[in-house]
Every structure is written in structure tokens, then in C-alpha cells.
1. Go through the stretch 308-352 and tell me which strands (runs of 3 or more DSSP E), entirely inside it, have 1 or more residues that are in contact with a Pro (Cβ under 7 Å, 6 or more places away or on another chain).
2. Would you be able to tell me the number of residues in the stretch 239-277 that are closer than 18 Å to residue 101 by Cβ and β-branched (Val, Ile, Thr)?
3. Look through 317, 346 and report the one residue that is acidic (Asp, Glu) and open to solvent by less than 50 Å² (accessible area, probe 1.4 Å).
4. Return the residues of the stretch 103-121 that are open to solvent by 50 Å² or more (accessible area, probe 1.4 Å) and out of contact with any strand residue (DSSP E or B) (no Cβ under 9 Å at 6 or more places or on another chain); say none if nothing qualifies.
5. For the stretch 149-169, what are the residues that are part of a loop (DSSP other than H, G, I, E, B) and under 24 Å from residue 125 (Cβ atoms)?
6. Starting from residues that are touching a residue at least 40 places away in the same chain (Cβ under 8 Å) and assigned to a helix (DSSP H, G or I), keep the ones in the stretch 96-105 and report whichever is farthest from residue 135 (Cα to Cα).
7. Could you tell me how many of the residues in the stretch 50-86 are under 13 Å from the mean Cα position of the chain (by Cα) and open to solvent by 10 Å² or more (accessible area, probe 1.4 Å)?
8. For the condition aliphatic (A, V, I, L, M), assigned to a loop (DSSP other than H, G, I, E, B), at pLDDT 95 or above and within 22 Å of the chain's Cα centre (by Cα), what is the one hit in 188, 146, 126?
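The values are calculated or read from the model by the stated rules, or taken from the named source; none is laboratory data. Small disclaimer: the values here were computed from a predicted structure and weren't measured. Methodologically, a virtual Cβ is constructed for each residue, glycine included, from the backbone with ideal geometry; neighbour enumeration extends over all protein chains shown. For accessibility, only protein heavy atoms count, side chains too; no ligands or nucleic acids. Shrake-Rupley method; radii C 1.70, N 1.55, O 1.52, S 1.80 Å.
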Amino acid sequence: MRFQWIVAAAFLIVPPATAQGPQERTLAADAAYRHGPTGLEIPAALPGLPPRARIAVLVPDLDEFIEYKTADAEESVTLYIFRRATGDIPVWLDRAARQVLARDIYGGPAPLAPPAAFTPPGQSNASGLMQVFRVSKPPYRSTGVALVPLGEDWLVKLRYSSTTLAPEELGARMQAVLGALAWPKTIAPVPAARPIADCTTTLRAKDDAKPRGDALGSSLLQGALLGAIAKGEVKPEKTAHVATFCRDPAAHPELGNAGVYRADGERDGYLIALGDAGRGIYVSVDSLGALLNSKDQKNYSISLYNVAQSFIFAPRDGLPKPEQALAIVKSERPTSSVTTWGGKGDVTIDAKAVR
């Protein structure tokens, strides 16, 4: 399901012919896997498990995973490491947990308890989140998910399913697996994590937000700014405040398995989290447009954030509903796109989209 969502996110912009399945990475059977950008090392074997089954690459360096399982599939573990393009730990733990709940193989798993914060290896505060589920459909007895930040930009996710361990035992085994990894000696601190909660207010969304053709300059400026940040020419302003996301309580069946989240309960913006691996669509007040627009008109920007590239769309005259925002990203040409990985910061402007 995770790969299907990543492909779906790619299809929003990339022609289907360019979307590929996971590529295998080959290492010596006893060699540890080292993630280049972060320095995290994952051993060839983990506690209670045989040597890894495979290393799979969805996007080199930016989205990779390693699988371990016993020959009889009594124990199955997958470790993911991916770049966080948007959202935070509570958002992505919530998305991962909902993916677990939706899987037929578990027959309607029940949470053992609400998500719990824990202190990951090599870190000093409870920045990780974990949730364990009781499984009633054989052969599995338990399954769980844990999410750990690796600095501000990277996330490590552990998925563990067992036919032998009771749900009450699984959390300790997951902690042991995380403890067996060779974490970087220095990890940039991040705030303590709290499980996601529902927002207490509603969005101020408009039924049919119209494109603002006279405000395209702001979307081009946004692309240029993201490019400058990617190149290191501009440093984003650091603030003491860290936004806390809440889950929009409204039903959004047209979004499928995507979810809607809001920073600090904002009513004029939201994140559509696509899948469970750091990608999403962000809709917010167009603050750059306000600098360019002499009229007292509030516009709204729409951006798709993938792990290596961002796409900016024409601003709207009102806050589009999440369903409309997803339709816009699926059907319209972005005004500009930005390479956000590798220090390139290349900005591409679509001449057809800005006519």
C-alpha cells in the first residue's frame, strides 16, 4: 500500500511511464547498510531475526527500506528511512497507524493503547512515537509501528508484525530493534512528540475557489525562494515556536487514504498528507502574494512537496476545500517546480501554465 501511494503521488505530476517500482540494492550478506545522508547504519541481522531479506530503493537516499523476516514469516520487520518533506512525527505516525488499521491481512486490528512517546537511542527527549495493535486474524497476534526523527529532515519508521509475540510483548521487541541500529553520534535535537489530536475548529473553506491569473507572480516568487533555500543562498528564519498539527475532524472520503491536518489548528490552511512517507500538499494564505498585490485581496497558495522536488500551482481567490486542492494538483500544470535535494535548487517555470 505504501508503494501504491508513492506512485500515486508521483502520478500527480510525473507521466506514468517514468514511475518505477522499488529497485533492489545489493550488499554482502554480512555487511551493514549505511544511509549516506544521515550516517545511520542498519546491521545485516536484527535481534530475533535472520539476515535481511532485501534492501529496496524507491528514491535513492531519500526513500529506502530494508526487510527482515523469518523463513516461515513468523516475524516480519521493515525499516524505512525517508526525507520529511512536510508534516511532523505525530502526522506521519497517525498516517502509518491508519494504514495498519486498513490492512485486510490483520482483520481489523485493535490498538493496545493510544500512541506513546519514547526517547529514541542517542537522543535526550521523547521525540519518537510508537503504537502497538492486537491482531485477531491468524496467523498474526500483534503488529506495531514506531517513528523516530533523525534531526529535522529525516524520519526512520519501524514496522513489526509477529505471529508469536503478544501485543504486550511487542513494544519491548521494537525497542530492542531500534537499539540494535548504529545511530549517528550527533543527532540534532527535535521537540518532544505528542500523539495527534483532533482540531477543535472547522476550516474556512470555499465551495469553488477560482484561480487568480493576476497573482501568478507570487507562485513564481515562491519557487524562486524555495530554490534559493535549497542552494543554501537563503536560510529560513529560525523561531522558538514549533507548530503543533491537529487532525481535521471532517470526513473527506474523496481523498481516499490521504488525511487532512492543520498547523496550530489554523482555519485558513491545511496539509493533505499523501500516504505515510513524508509527502503532502500544503494549502495556505499566500503571504508572498500579499507583498506583491496592491489590492486588499487574500489569495491562497497550493504546493505539492515530494522528497526531492516541490511543485507550485496557481493561487486561488479563496481557501479551496481539500477535495478541490487534490483535484487541482492532479489536473493542472504547476506554474513552477523546484529541485529541493542535492543543493541544486533548480527552478523550472512552465510557460504554458503562466500564460
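1. 309-316
2. 1
3. Being acidic (Asp, Glu) and open to solvent by less than 50 Å² (accessible area, probe 1.4 Å) holds for just one of 317, 346, which is 317.
4. Result: 104, 108.
5. Passing the criteria: 151, 152, 153.
6. Only one residue fits best here, namely 96.
7. Residues that pass the stated criteria total 5.
8. Just one listed residue meets the conditions, 126.
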